[in-house]
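Quick notes on the structure that follows.
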Amino acid sequence: MSDIFKIAILPGDGIGPEIMKQAIKVLEKIEKYITKKIVIDTYIVGGAAINIYGNPLPKKTLYGCEKSNAILFGSVGGPEWDYLPLNKRPEKGSLLKLRKHFNLFANIRPTFFYKDLGILSPLKEKILYKGFDIVCIRELTGGIYFGLPNGRKGKGIDEYAFDTEIYSRFEIERIAHIAFNIALKRKKKICSIDKANVLNTSILWREVLTDISKQYISVKLEHMYIDNAVMQLMKNPSQFDVILCPNLFGDIISDQCAMISGSVGNLPSASFNQNYFGLYEPSGGSAPSIAGKNIANPIAQILSLAMLIEYSLKEKNISQKIKNAIKKILNMGYRTKDLFTDSINEKIITTDDMGTLIMETII
Ligand code: IPM
Ligand code: MN
């Protein structure tokens, strides 16, 4: 039993299924190198599940995830389901439920500068030449995403809506320990993001971070307001190493990190609970406008698989093989449409071809 490793595959909506197909190609190629026997089971989730079962997270899917050792998630949501009340939409009704159900409080989003894609970054050359390698750590099961009460009340001009931002000392401490431990293995510095000049939750966030930092004296802790942080990230991204954020600020800043690296289509993510059970998903969305056209970029999904292999299967070398193959393919000039800039040497290819080329390049 212990040598079987079950992966629940949840392709979801939009580009989810087509990019997931590429990750599975890669998995099939590398499974022979993995010590454990990999068993995959695919489950329906998100809008696709609403259309069939009237529920974005059917019991069968949740149960399938519960009996798995890790979850590989695609993406959910699209305009087709935007008429539904928030709680029934694919995003809140499946992805946020899964995060909460499995207590996946620690979300890790690494971004780094691919030299070959520098031209895609909106940043100027004189900023980019220093490069950057950032890990964004986002608290994922608390804050304004989940705080109660929330809702809408009243009618007409008196109608109002409300959300609640709550953070407990316990929630801040546990994500702080994750961040400090990651920082210890990197450049030993953390930039913690908040809005402590306005929000109570941010004042507590800052206090707890400062307390916890006393247990990690070799790590340099810096605090930065979110408004300043988004500006600094444009001005000089090389100053950052580990960025630690509450839920909403992490959502925002991780997209910015993705964009300065060239494309949101390249950014993977991993979300863990206290037992290191993980859900792995691209940081970008379901991109409904390009779904089904075989033009989406599968790299974030394939890199999410690489993270699963590194963190849940503990096979760092195999994960590295996948990352090397991606670098090589990009270096050879192969680009999906989002990465295409029409420079010399670039060859535009489909989602399917990108998956196949990466798969074939793994040695
Ligand atoms: C992300 C996404 C989700 C979030 C959405 C789809 C609910 O934007 O993972 O960053 O806001 O967390
Ligand atoms: Mn987001």
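In segment 340-361, the count of residues that are within 28 Å of Ala70 (Cβ to Cβ) and modelled with pLDDT under 95 is zero. In segment 201-291, which strands (runs of 3 or more DSSP E) lie fully inside it and hold 1 or more residues that are under 30 Å from Asp352 (Cβ atoms)? Output list reads 268-272, 278-282.
Among the residues of this structure, Leu123 does not count as one that is under 16 Å from the mean Cα position of the chain (by Cα) and of a type in the set (A, V, I, L, M). Of the residues screened, Asp116 is one that is modelled with pLDDT under 95 and of a type outside the set (A, V, I, L, M, F, W, C). None of Asp41, Asp3 is touching a helix residue (DSSP H, G or I) at 6+ places or on another chain (Cβ under 8 Å), more than 16 Å from ligand 1 (Cβ to nearest atom), over 27 Å from Lys337 (Cα atoms) and charged (D, E, K, R) except Asp41.
No other residue among Ile166, Ile127 is surrounded by fewer than 19 Cβ atoms within 10 Å (Cβ to Cβ) and touching a residue at least 40 places away in the same chain (Cβ under 8 Å) apart from Ile127. The residue that is nearest to the chain's Cα centre (by Cα), counting only those in segment 287-296 that are open to solvent by 10 Å² or more (accessible area, probe 1.4 Å) and touching a residue at least 40 places away in the same chain (Cβ under 8 Å), is Ala287. Take the conditions (1) away from ligand 2 (no atom under 14 Å from the Cβ); (2) open to solvent by 10 Å² or more (accessible area, probe 1.4 Å); (3) in contact (Cβ under 8 Å) with a residue 12 or more places away in the chain; Ala229 misses just one of them, which is (2). Is it the case, given these coordinates, that Asn266 is among the polar types (S, T, N, Q) and within 16 Å of ligand 1 (Cβ to nearest atom)? Spelling it out, Asn266 is indeed among the polar types (S, T, N, Q) and within 16 Å of ligand 1 (Cβ to nearest atom).
Taken over segment 67-102, the criterion of being free of Cβ contacts under 8 Å to residues at least 12 places away in the same chain and more than 10 Å from ligand 1 (Cβ to nearest atom) is satisfied by Asp82, Tyr83, Pro85, Leu86, Asn87. For Ala161, indicate whether it is free of Cβ contacts under 8 Å to residues at least 24 places away in the same chain, touching a Lys or Arg at 6+ places or on another chain (Cβ under 8 Å) and of a type in the set (Gly, Ala, Ser). Considered against the rule, which asks whether it is free of Cβ contacts under 8 Å to residues at least 24 places away in the same chain, touching a Lys or Arg at 6+ places or on another chain (Cβ under 8 Å) and of a type in the set (Gly, Ala, Ser), Ala161 comes out as yes. Being touching a strand residue (DSSP E or B) at 6+ places or on another chain (Cβ under 7 Å), aliphatic (A, V, I, L, M), away from ligand 2 (no atom under 16 Å from the Cβ) and within 17 Å of Ala300 (Cβ to Cβ) is a description that does not apply to Ile4. Among the residues making up segment 10-43, those that are surrounded by fewer than 20 Cβ atoms within 10 Å (Cβ to Cβ) and outside any helix (DSSP H, G or I) are Ile34, Thr35, Lys36, Lys37, Ile38, Val39, Ile40, Asp41, Thr42.
When residues in segment 297-316 are screened for being in a helix (DSSP H, G or I) and free of Cβ contacts under 8 Å to residues at least 12 places away in the same chain, 2 of them pass. Quick check, is Gly77 open to solvent by less than 30 Å² (accessible area, probe 1.4 Å), modelled with pLDDT of 95 or more and either under 12 Å from Asp13 (Cβ atoms) or in contact with a Gly (Cβ under 6 Å, 6 or more places away or on another chain) (or both)? Yes, satisfied.
Is segment 182-196 home to any residue that is under 25 Å from Leu72 (Cα atoms), under 18 Å from the mean Cα position of the chain (by Cα) and open to solvent by less than 60 Å² (accessible area, probe 1.4 Å)? Yes, because at least one residue in segment 182-196 is under 25 Å from Leu72 (Cα atoms), under 18 Å from the mean Cα position of the chain (by Cα) and open to solvent by less than 60 Å² (accessible area, probe 1.4 Å). Restricted to segment 65-183, the set of strands (runs of 3 or more DSSP E) holding at least 2 residues that are within 16 Å of ligand 2 (Cβ to nearest atom) comprises 70-75, 106-112, 133-139.
The single condition from (1) within 16 Å of ligand 1 (Cβ to nearest atom); (2) open to solvent by less than 40 Å² (accessible area, probe 1.4 Å); (3) among the hydrophobic types (A, V, I, L, M, F, W, C) that Ala325 fails is (1).
The values are calculated or read from the model by the stated rules, or taken from the named source; none is laboratory data. None of these values were measured; they are calculated from a predicted model. A quick note on method: Cβ atoms are made from the backbone with ideal geometry, for glycine too, and the neighbour counts reach across all protein chains shown. In case anyone asks, the SASA skips ligands and DNA or RNA and just uses the protein heavy atoms, side chains included. Shrake-Rupley method; radii C 1.70, N 1.55, O 1.52, S 1.80 Å.
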